[in-house]
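Report on the structure given below.
No value in this document is a laboratory result; all are computed from the given coordinates. Note that this is a predicted model, so its numbers are computed, not measured. Note that each Cβ is placed from the backbone with ideal geometry, even for glycine, and that neighbours are counted across all protein chains shown.
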Amino acid sequence: MKTRAGVLRLSIAAAIALSSLSVVAFQDRPPAGPPTQLVIRVGVDLIQIDAKVTDKLGRPVTDLRAEDFILEVDGERQP
């Protein structure tokens, strides 16, 4: 179980790092001129994390549930 948790935590950390990079890349910039069309800005606080869990022999583990995982952000557990 420790190996599963380690792989999951590493996957979560990578996903959070990548999503942080995309937020920085798409920060609001001042407009170059008057807008020529309607602009709608939408924010989303959703992070989807895909995890692939395998046993010691590399076979997929398929009987896991949400209760088998712990999600932490900056050392704090998240629901």
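Here the calculated FRET efficiency for THR3 and VAL42, from their Cβ-Cβ distance with R0 = 35 Å, stands at 0.35, rounded to the nearest 0.05. Our estimate of slack between ASP55 and ALA15, defined as 0.36 nm per intervening residue step minus the Cα-Cα distance, is 12.2 nm.
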